[in-house]
1. Could you pull out the residue among Ala30, Ala126, Ala36, Ala113 that is surrounded by fewer than 19 Cβ atoms within 10 Å (Cβ to Cβ), closer than 30 Å to Glu271 by Cα, in contact with a Ser or Thr (Cβ under 7 Å, 6 or more places away or on another chain) and among the hydrophobic types (A, V, I, L, M, F, W, C)?
2. Kindly indicate the residue of the range 132-180 that is of a type in the set (Phe, Trp, Tyr) and closer than 14 Å to Gly196 by Cβ and also surrounded by the fewest Cβ atoms within 10 Å (Cβ to Cβ) among those meeting that condition.
3. Limited to the range 407-448, what total is found for residues that are part of a helix (DSSP H, G or I), surrounded by fewer than 19 Cβ atoms within 10 Å (Cβ to Cβ) and of a type in the set (S, T, N, Q)?
4. Looking at Leu60 and the list (1) within 20 Å of the chain's Cα centre (by Cα); (2) without any contact (Cβ under 8 Å) to a residue 24 or more places away in the chain, which single condition is not satisfied?
5. Considering each of Val253, Val263 in turn, give the residue that is part of a helix (DSSP H, G or I), over 16 Å from the mean Cα position of the chain (by Cα), surrounded by 14 or more Cβ atoms within 10 Å (Cβ to Cβ) and not aromatic (Phe, Trp, Tyr).
6. Is it the case, given these coordinates, that Leu241 is among the hydrophobic types (A, V, I, L, M, F, W, C), farther than 24 Å from Ser429 by Cβ and either part of a loop (DSSP other than H, G, I, E, B) or within 20 Å of the chain's Cα centre (by Cα) (or both)?
7. Mind checking which pairs have a first residue in the range 407-429 that is without any contact (Cβ under 8 Å) to a residue 24 or more places away in the chain and β-branched (Val, Ile, Thr) and a second that is assigned to a helix (DSSP H, G or I) and surrounded by 18 or more Cβ atoms within 10 Å (Cβ to Cβ), Cβ under 9 Å, 6 or more apart or different chains?
Amino acid sequence: MQAMTTRQTVAQLWTLAYPIIGLNVLNVLALAVDTAMCGRLPDAETALTALGFATQVVFLLMVAMMGLTVGTVAFVARAYGAGDTARVNHILRQSSQLTVLLGLGVALLGNLAAPFILRALGASGASLEQSLAYLVPMLGGTVFPYLSLLYAGVLRGVGNTRLPFMIALLYNGLNVVFNYGLILGNYGMPALGVQGAALGTVLAHAVGTVAMIALLRRGAIPGLTLPLKPTALDTSLAGELIRIGAPAALDMVILNAAFMVIVGMLGRIDEVAVAAHGMGLRVQALAFVPGLSVSQATGALVGQALGADNAQQAKRVVRVSVVMTTAIMSLLAILIIGAVEPIVSVFDVNPDTALGGFTVTWIEVLGYGMPAVGVYVAFVGMLQGSGETRTSLKINFLATALCQIPLAGLLGFTFGLGAVGIWASLPLSFIIKSALGAVVYKRGNWARAGARVA
């Protein structure tokens with residue numbers, strides 16, 4: 001890899017990142033479509049509360065796949081940076097098989113565990129019933145979104161982010177059509193409510209995944225091949241993927257466990273706050289997309305630079321990423337806080353109601369924390385791209401388990417701030433994470449060059 005200037009690095013990072021932004025925006029919009037349409041059901045408050053509970057379960061069960069994807073991208077980017085095409089294809093084939101096995105396992109075990117998890121979160125009665133109606137088909141079709149996530153990651157690792165974006169356009173178009181039909185009973189389809197939201201999403205993912213596999217098999221990406229015939233699992237590679245991916249998965253477990261604790265706390269204050277939290281998470285997911293997308297591009301470029309034995313370029317990528325993500329997230333924070341009431345109205349919720357008031361407050365709190373999020377996600381990309389997922393796990397554990405959760409309980413209950421105090425713990429935890437990430441960057445131990453992840 002030739003030496004690059006800062007300006008060239010900015011251009012390279014943005015060129016890789018902007019299709020990822022589009023892809024992730026589309027993925028988040030798919031969830032927003034579910035929420036907006038369910039908000040128009042006759043029992044909208046119950047449906048939205050059920051989605052709030054069910055979403056936490058889906059996110060929790062996604063963690064293993066997130067870990068596998070992080071490990072795969074790190075290994076693919078290193079191999080690609082080193083010019084080892086054979087290894088890239090080997091990783092692609094092996095990780096595809098592991099993803100299918102993981103998806104089937106989550107479909108089975110997730111449906112068995114879902115009722116217990118939902119009750120632990122505080123779901124009951126109609127909310128519990130509708131949450132399960134959503135989760136059964138959603139978890140049953142888990143393998144399709146898992147494969148979509150994997151292939152988007154592999155292509156990111158080799159520097160192609162446009163093809164996953166095009167597939168996401170197809171998926172989202174179908175998702176709108178299927179959800180509009182199956183949730184509300186349009187186009188001659190049955191009105192299945194919350195269950196229809198899950199069925200429509202799974203069907204759209206299935207079509208998108210099949211399209212991606214077909215394109216990979218036809219050589220849409222030069223040098224990449226994806227045979228469908230199963231082969232023996234490479235236990236050595238699987239072990240390496242677990243070594244890198246497991247800490248990333250545990251990272252997600254901590255984040256999702258924290259969110260589940262938050263939901264549990266909110267449920268004991270007011271179930272309406274849970275519904276507001278669910279809608280706020282949709283807004284959060286959309287607002288965080290640009291920063292997280294640059295972070296994902298950062299991970300790919302850091303991996304490629306280290307694979308090409310260019311640690312200085314990897315450090316340059318990180319510096320550029322910190323500035324870019326912080327600037328983007330700060331601008332979005334200003335826009336979100338200024339337009340919070342119109343944003344809430346998109347969900348057909350009156351800001352003057354209890355539900356609307358909770359939602360406005362939660363979104364405002366999210367906005368105030370976004371600059372700190374921008375700093376932190378750049379360091380996340382650095383650590384994932386270099387394979388230093390254990391360090392990322394340590395930072396997350398310190399800031400989330402030892403700071404955010406205790407703060408939520410202290411502010412929400414001990415000081416009597418209620419839902420506002422519980423929500424305020426999130427931006428405070430990101431400030432701590434950003435500071436710890438900066439310390440790790442300056443120490444420089446993460447910048448280990450070489451074709452293999454150390």
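The values are calculated or read from the model by the stated rules, or taken from the named source; none is laboratory data. Bear in mind the structure is a predicted one, so any value in this text is a computation, not a measurement. Heads up, the Cβs are rebuilt from the backbone with ideal geometry, glycines too, and the neighbour counts pull from every protein chain shown.
1. Checking each option against the conditions leaves just Ala126.
2. Among those residues, the one meeting the criterion is Tyr180.
3. 1
4. (2)
5. None of the other options fit; the residue is Val263.
6. yes
7. From the range 407-429, the pairs are Thr414/Gly421.
Here's the yes/no breakdown for (1) out of contact with any strand residue (DSSP E or B) (no Cβ under 6 Å at 6 or more places or on another chain); (2) assigned to a loop (DSSP other than H, G, I, E, B); (3) surrounded by fewer than 16 Cβ atoms within 10 Å (Cβ to Cβ):
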position: Leu199; (1), (2), (3): yes, no, no
position: Val202; (1), (2), (3): yes, no, no
position: Thr209; (1), (2), (3): yes, no, no
position: Leu224; (1), (2), (3): yes, yes, no
position: Pro230; (1), (2), (3): yes, yes, yes
